[in-house]
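Everything below concerns the one structure shown next.
The values are calculated or read from the model by the stated rules, or taken from the named source; none is laboratory data. Note that the structure is predicted; figures quoted are calculated from it, not measured. Don't worry about glycine lacking a Cβ; one is built from the backbone with ideal geometry, like all the others, and counts go over all protein chains shown. Heads up: the accessible areas ignore ligands, DNA and RNA and are worked out on the full protein's heavy atoms, side chains in. Shrake-Rupley method; radii C 1.70, N 1.55, O 1.52, S 1.80 Å.
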Amino acid sequence: QVQLVESGGGLVQPGGSLRLSCAASGSIFSIYDMGWYRQAPGKQRELVATITSDGSTNYADSVKGRFTISRDNAKNTVYLQMNSLKPEDTAVYYCNADARSGWYSPRLIHWGQGTQVTVSS
């Protein structure tokens, strides 16, 4: 099994920055796409950004130019650098990974438990 653990959330003022990290551990054969999603109170979970194993990225329109996703394949870790944060960025942020646990294992989507980001003055 693959476990994902997020870190780096917290309270920040509007205009501030935070860097989220998500480390994958456990039985890992291969990790393909990784991504960040978020869920605000009363809203559905939405895509924030994704990154392929070779570094191609995709962003939600609402975060383009402010957030940057990156990954360190040697550390099985994905990052989300969030700049110019706005109150509407307040949400629980989840990372996910499309990964296989073994040669004969299927590709599965794994989720972390989430980290709270609150943007408020």
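What the table shows:
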read-out	value
Projected label distance in nm at SER84 and GLN44, using a 7 Å step from Cα toward the beta-carbon	2.8
Accessible area expressed per residue, the chain, with surrounding protein chains retained (probe 1.4 Å, Å²)	53
Separation in nanometres of the label points that stand 7 Å from Cα toward Cβ, at SER105 and ARG66	3.6
Whole-number Å³ per residue for the convex hull built on Cα positions in region 1-62	124
Straight-distance crosslink candidates among lysines, where the alpha carbon sits under 25 Å from LYS43 and sequence neighbours closer than 8 are dropped	LYS64, LYS86
For the chain: relative contact order, % (alpha-carbon pairs under 8 angstrom, 6 or more apart)	37
Carbon + sulfur, % of accessible area of the chain - ligands and nucleic acids excluded, 1.4 Å	47
HN-Hα J in Hz across region 41-47 - Karplus 6.51, -1.76, 1.60, θ = phi - 60°, x for Gly and Pro	x, x, 10, 7, 5, 10, 6
Relative compactness, the chain, computed as alpha-carbon Rg over 2.2 N^0.38 Å	1.04
Theoretical FRET efficiency, 1/(1+(r/R0)^6), r = Cβ-Cβ of SER27 and THR52, R0 22 Å, to 0.05	0.50
